[in-house]
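Asks: Input: one structure, supplied below.
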Amino acid sequence: MSYTKRQLVHAALEEIGLASYEFDAQPEQLQSALRALDDMMGSWEAKGIRIGYPLPNNPQNSSLDELSNVPNSANRAIIKNLAQEIAPSYGKQVMAGTIKIAKSSYNTLLGQHAKSANMQLPNTAPLGAGNKPWRNSRDPFADDPNFGIEVGDDSFLEGS
């Protein structure tokens, strides 16, 4: 079962030294950290890291008690990087070890989940010495590019 957004926020607060047994976060502070979490996950989504995090369509629609739907392997990267994001607003500095782990776990996550863009050769690119005449009798160049619409693994496209 995945963490809730509240659990991720509390873990990030603990990472910057604001443990829940010493520090009671105010609701406004939790909402601010939640907005930082949503913003961070939105930027990761834009970079191609799609891990199932439910992005809200506006900040008021995000809930702390909502499940994050991220795999357990992503929790460390999220918590450490969120701690880096929110630490300045609490007047805290992040420990060097946290920064190192945040970068390392983010790079691991990036390698596991980022999707590389497919690229087609333009029709002016030669196919090379291995081109067989029976494969493409028209000319030794690549076929015209196909500019079809593609969606990510987590999306779908319906036609009429």
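The values are calculated or read from the model by the stated rules, or taken from the named source; none is laboratory data. From a predicted model like this one, the values you see are computed outputs, not experimental measurements. Every residue, glycine as well, gets a Cβ built from its backbone with ideal geometry; the counts of neighbours run over all protein chains shown. Ligands, DNA and RNA are excluded from the accessible area calculation, which covers all protein heavy atoms including side chains. Shrake-Rupley method; radii C 1.70, N 1.55, O 1.52, S 1.80 Å.
Asks: So what J values fall out for the range 73-87 if you push phi through Karplus, 6.51 cos²θ - 1.76 cosθ + 1.60 with θ = phi - 60°, rounded to Hz, Gly and Pro as x?
Replies: 5, 9, 4, 4, 5, 5, 5, 5, 6, 5, 4, 5, 5, 9, 4
Asks: A further question on this structure: What residues have an amide H closer than 5 Å to that of THR4, excluding those fewer than 5 places away on the same chain, when H is modeled at 1.01 Å from N in the peptide plane?
Replies: SER68
Asks: Moving to a separate point now. Per-residue accessible area for SER73 at 1.4 Å probe radius, Å² rounded to 10?
Replies: Taking all protein chains as shown, SER73 has close to 80 Å².
Asks: Over the range 69-122, calculate the relative contact order: mean separation of alpha carbon pairs under 8 Å at least 6 apart, over the residue count, as a percent.
Replies: Working: 24 pairs, mean separation 22.0, N = 54.
Relative CO of the range 69-122 lands at 41 percent.
Asks: Keeping all protein chains in position, work out how much accessible area HIS10 exposes to a 1.4 Å probe, and write it in Å² to the nearest 10.
Replies: Looks like 60 Å² after rounding.
Asks: Also, I was wondering about something else. Which value, in Å² rounded to 10, gives the accessible area of THR108 with a 1.4 Å probe and all protein chains present?
Replies: Probe radius 1.4 Å; accessible area of THR108 about 80 Å².
Asks: Next question. Quote the FRET efficiency, to the nearest 0.05, computed for ASN107 versus ASN57 with a Förster distance R0 of 41 Å and r equal to the Cβ-Cβ distance.
Replies: According to the calculation, E is roughly 0.90.
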